[in-house]
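Have a look at the structure below, then the notes.
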Amino acid sequence: MAFAITINGIMHSVEVEGDTPLLWVLRDVLGMTGTKFGCGMALCGACTVHINGAATRSCITTIESVGTSKITTIEAIGTTRAGEKIQKAWLDHEVVQCGYCQSGQIMSASALLADNPQPTDKDIDDAMSGNICRCGTYVRIREAIKLAAQMHGKAG
């Protein structure tokens with residue numbers, strides 16, 4: 001079946017079965033490999049993208065369920081105000097170790113900051129609870145989100 005989907009502001013036409021997970025459309029059909037496969041059951045967060053601004057697990061989101069929604073992936077998150085701040089804070093706090101989970105971590109953190117510019121520790125815990133980091137960079141992730149929130153509150 002043919003589907004027209006908007007990813008990072010660009011319309012794409014893909015020919016796949018309706019039950020194909022968005023993750024595989026992004027990676028295998030469109031060659032956008034920034035979104036990672038982790039568990040395939042929406043438990044680890046590695047496949048997180050934004051659908052209409054909401055952090056969504058692309059491994060269990062079928063292409064037919066996307067419809068006319070706007071999809072943002074890690075490849076374009078830096079073009080958003082929250083995403084730009086999160087990416088800078090990630091670098092400033094040297095969050096990344098192996099890096100495999102980081103696209104999903106950044107996508108979840110960006111959605112949090114876009115929705116809640118001044119998150120509490122509980123807000124951060126709640127928003128990030130579905131993202132697993134096998135390297136254990138959780139302390140740096142929290143500090144980077146706090147730094148991004150401070151930057152987000154300032155002009156620029």
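Derivation of every value follows stated rules applied to the coordinates shown; laboratory data play no part. Predicted model, so just to flag it, every value in this text is computed and none were measured. No Cβ is skipped: glycine too gets one built from the backbone with ideal geometry, and neighbour counts run over all protein chains shown.
Only Lys, Arg, Asp and Glu count, each charged at its Cβ (+1, +1, -1, -1), so figure out the dipole size of the chain about its Cα centre, rounded to 20 debye.
440 debye
Run the reach check for Lys122 against lysines, Cα to Cα strictly under 16 Å, same-chain hits fewer than 8 apart removed. What comes back?
Lys122 reaches Lys146.
In Å³ and rounded to a whole number, note down the convex hull volume per residue for the Cα atoms of the range 46-156.
Taking only Cα atoms, the range 46-156 has a hull volume of 96 Å³ per residue.
Among all the aspartates and glutamates, which ones have a C-alpha under 19 Å from Lys70's C-alpha, if same-chain residues fewer than 8 places away are not counted?
Once the sequence-local aspartates and glutamates are set aside, what remains near Lys70 is Glu15, Asp19, Glu84, Asp115.
How far is helix 81-92 tilted, in degrees, relative to the longest principal axis of the Cα atoms in the chain, given as a value from 0 to 90 rounded to the nearest 10?
Long axis of 81-92 versus the principal axis of the chain: about 60 degrees.
Along the Cα→Cβ direction, 7 angstrom out, place labels at Ile10 and Thr62. What is the inter-label distance in nm?
Inter-label distance under the simple model: 2.8 nm.
Sorting check: for 77-90, 129-142, which peptide has the highest mean count of neighbouring beta carbons within 10 Å, and how do the rest follow?
Ranking the peptides 77-90, 129-142 by packing returns 77-90, 129-142.
Per q in 0.18 1/Å, what log10 I(q)/I(0) does a Debye calculation on the alpha-carbon atoms of the range 2-72 return?
Result of the Debye calculation: -0.58.
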